[in-house]
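Below you'll find the structure, written out as structure tokens, and then a few comments.
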Amino acid sequence: MKKLLEFIATGFYSGKLPKMPGTWGSLLGALLVYLFWPSSYLLQSLIVAITFLLSVISSDFMAKELSLKDPDQVVIDEILGIEFTFLFLHAQGNFKLTLFGLLLFRIIDIMKPFPVNYFEKLPGGLGITADDAVAGLISNVLLRVLGGVLNV
């Protein structure tokens, strides 16, 4: 069970790649969206709900296991943030939209503007997960507005 939780938390071990683990996790999430994101909003919602639950559980486990508040190698939260970025959008196969959404999410995730910074203060896996979920929601709104203006 420990290995499975580590596998999930590290985004299939992408979070263990050298340097920029959050970016690696975000790239993995964007690749999965580009290749497999369903057009059904119900399926998108189900994927996001399952990923949220897995993120809270697995990141909480890793934080306790490593005695760290938010271990760098935990990237399931970035994958979730990417999913929120594309929630209720048709991103599968749309390279420009996927790339633009990825860039927006990374900027918001790194800058952690309010209210993102508020949510990372929550305890354990919930705090690890919630700030990226909120960053993804903000990125989703920006993607809709800026993507429409820029015709992405």
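The lysine pair count for segment 2-150, using Cα distances under 23 Å and pairs eight or more places apart or on different chains, is 17.
With the cut-off at 14 Å, report for segment 10-75 the share of all Cα pairs above it, as a whole percent.
When all Cα pairs of segment 10-75 are counted, 63 percent exceed 14 Å.
Mean residue ellipticity at 222 nm, helices only, the chain: -23500 deg cm²/dmol; runs of at least 4 DSSP H residues each add -39,500 (n - 2.57), and the sum is divided by the number of residues. The alpha carbon convex hull volume per residue for the chain rounds to 100 Å³. Loop only by DSSP, 15 or fewer other Cβ within 10 Å of the Cβ. Give me the trypsin sites (Lys or Arg not before Pro) in segment 48-133 that pass, ordered by residue number. Answer in residue order: LYS69, LYS121. The angle between the Cα long axis of helix 76-85 and the longest principal axis of the Cα atoms of the chain comes to about 20 degrees, rounded to the nearest 10.
Since every read-out is calculated from the coordinates, none of them should be taken as a lab result. Every value quoted in this text rests on a predicted model; they were computed, and no experiment measured them. Quick reminder, even Gly has a Cβ in these numbers, built from the backbone with ideal geometry, and neighbours come from all protein chains shown.
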